[in-house]
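The values are calculated or read from the model by the stated rules, or taken from the named source; none is laboratory data. All values derive from a computational prediction rather than experimental measurement. FYI the Cβ positions are ideal-geometry reconstructions off the backbone, even for glycines, and counts take in every protein chain you see.
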Amino acid sequence: MLYPVYVHVGNQTEAHGVLFPDFAGCHSAADTWDALPAAIQEAVEAHFHGEPGAVPAPTPLEQLANHPDYQGGVWMLADIDISRINAAPVRLNISLPANLVQQIDTYASAHHMTRSGFLARAAQQAMQS
């Protein structure tokens, strides 16, 4: 599946740095352009390793192209093999107060996440504390 990634172009002494707008906290780097695809795949697999929940859908590039957080680099569409990520979703039925659901949805949307992705990450962080 094609995902937009933002590349801070490296030079002779610095690697190309990669940010994943759809995967908060996921980063990658490679010394050459040819090495970027493998580094990107590896970073995504590591990011989702053991994490429950579905992998979010890619954000359309046109929604990100002029975002102020992404200046001075270049956009690239990375072909990420989602089948290599062991994140099979399990459907749950839970009850939460309506105002909490609204707050969760607002936060998740602002951080390019789904409700399920946010809840999964919050649960993981709570269990690691």
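Side notes on the structure shown:
- When E51, E14, E45 are checked against the criterion of being among the charged types (D, E, K, R) and either in contact with a Phe, Trp or Tyr (Cβ under 8 Å, 6 or more places away or on another chain) or surrounded by fewer than 14 Cβ atoms within 10 Å (Cβ to Cβ) (or both), a single residue qualifies: E14.
- Residues satisfying the stated conditions in region 20-42, i.e. surrounded by 17 or more Cβ atoms within 10 Å (Cβ to Cβ), under 20 Å from F118 (Cα atoms) and touching a strand residue (DSSP E or B) at 6+ places or on another chain (Cβ under 7 Å): F20, P21, D22
- Per-region count, region 82-121, residues under 16 Å from F48 (Cβ atoms) and free of Cβ contacts under 8 Å to residues at least 60 places away in the same chain: 9
- Residue that is modelled with the highest pLDDT [pool: residues in region 78-93 that are over 18 Å from A120 (Cβ atoms) and surrounded by 12 or more Cβ atoms within 10 Å (Cβ to Cβ)]: A78
- Residue satisfying all of: in region 94-129; hydroxyl-bearing (S, T, Y) and farther than 23 Å from L61 by Cβ; surrounded by the most Cβ atoms within 10 Å (Cβ to Cβ) among these: S116
- Residues within region 74-129 that are out of contact with any helix residue (DSSP H, G or I) (no Cβ under 7 Å at 6 or more places or on another chain), in a helix (DSSP H, G or I) and among the charged types (D, E, K, R), tallied: 1
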